[in-house]
1. Would you tally the residues in region 158-176 being touching a strand residue (DSSP E or B) at 6+ places or on another chain (Cβ under 9 Å), more than 19 Å from residue 72 (Cα to Cα) and surrounded by fewer than 16 Cβ atoms within 10 Å (Cβ to Cβ)?
2. For the subset of region 87-117 comprising residues that are free of Cβ contacts under 8 Å to residues at least 40 places away in the same chain and over 20 Å from residue 134 (Cα atoms), which member is surrounded by the fewest Cβ atoms within 10 Å (Cβ to Cβ)?
3. Report, by residue number, each residue of region 139-150 that is closer than 27 Å to residue 88 by Cα and in contact (Cβ under 8 Å) with a residue 40 or more places away in the chain.
4. Please work out if residue 143 is surrounded by fewer than 19 Cβ atoms within 10 Å (Cβ to Cβ) and in contact with a strand residue (DSSP E or B) (Cβ under 7 Å, 6 or more places away or on another chain).
5. Considering only residues that are surrounded by fewer than 14 Cβ atoms within 10 Å (Cβ to Cβ) and over 14 Å from the mean Cα position of the chain (by Cα), look in region 118-137 and name the one that is modelled with the lowest pLDDT.
6. Being modelled with pLDDT of 85 or more and in a loop (DSSP other than H, G, I, E, B) is the filter here; which residues of region 32-47 pass it?
7. Give just the number: which of (1) closer than 23 Å to residue 124 by Cβ; (2) out of contact with any helix residue (DSSP H, G or I) (no Cβ under 6 Å at 6 or more places or on another chain); (3) surrounded by fewer than 16 Cβ atoms within 10 Å (Cβ to Cβ); (4) at pLDDT 90 or above does residue 76 not satisfy?
């Protein structure tokens, strides 16, 4: 993962966890950064849009993220979309705990399955960085009824498949806000 995206992906992941429901957090989270003209956040259904000016950049960048919760409402991962600037392609970023069989890609299931190869794993997390080459995935998120979440699945280190719901509630409004607000 290049340094620019890594700087972009970490705030996305931190922002999404900061906006997880209070019942979903095991320990108190640090308060989110105070909104300022350089950094703003807004929630749309289950998605959070954060806009900020990246270090050394002239334009605002915006990203949207959703915290993936297990059956006990505990955070198990984050899925987000964004790009550093309008000249770069939109990317989907997924972050999950490091207990992953990386030889097999994660799978995002909406009407069709999308394979998401892991691009980075360290001792704490595994990350998917997936470039969106067309609007097919975005369309599947937008057209799925809010009461029918998608699914994100992957194989854990022992080979067992783990699957969690990915909410689409608020996705369209968040995508529109992210697109409108980015510099």
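1. Total meeting the criteria: 1.
2. Filtering region 87-117 for residues free of Cβ contacts under 8 Å to residues at least 40 places away in the same chain gives 87-88, 97-98, 102-103, 111-117.
Okay, now just the ones that are also over 20 Å from residue 134 (Cα atoms), so 97-98, 102-103.
On the way: 97: 13, 98: 13, 102: 16, 103: 8.
Selected residue: 103.
3. Residue satisfying the conditions is 150 alone.
4. Taking the combined requirement at face value, the residue does not satisfy it.
5. The selected residue is 134.
6. Of everything in region 32-47, those that are modelled with pLDDT of 85 or more and in a loop (DSSP other than H, G, I, E, B) turn out to be 45, 46.
7. Going through the list (1) closer than 23 Å to residue 124 by Cβ; (2) out of contact with any helix residue (DSSP H, G or I) (no Cβ under 6 Å at 6 or more places or on another chain); (3) surrounded by fewer than 16 Cβ atoms within 10 Å (Cβ to Cβ); (4) at pLDDT 90 or above, residue 76 breaks only (3).
One line per residue, one yes/no per condition, for (1) surrounded by 17 or more Cβ atoms within 10 Å (Cβ to Cβ); (2) in contact with a helix residue (DSSP H, G or I) (Cβ under 9 Å, 6 or more places away or on another chain); (3) part of a loop (DSSP other than H, G, I, E, B); (4) modelled with pLDDT of 55 or more:
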{"position": "20", "(1), (2), (3), (4)": "yes, no, yes, no"}
{"position": "23", "(1), (2), (3), (4)": "no, no, no, no"}
{"position": "27", "(1), (2), (3), (4)": "no, no, yes, no"}
{"position": "30", "(1), (2), (3), (4)": "no, yes, yes, no"}
{"position": "49", "(1), (2), (3), (4)": "yes, yes, no, yes"}
{"position": "55", "(1), (2), (3), (4)": "no, yes, yes, yes"}
{"position": "65", "(1), (2), (3), (4)": "yes, yes, no, yes"}
{"position": "71", "(1), (2), (3), (4)": "no, no, yes, yes"}
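The values are calculated or read from the model by the stated rules, or taken from the named source; none is laboratory data. Here the structure is a predicted model, which is why all the values come from computation and not from measurement. Quick reminder, even Gly has a Cβ in these numbers, built from the backbone with ideal geometry, and neighbours come from all protein chains shown.
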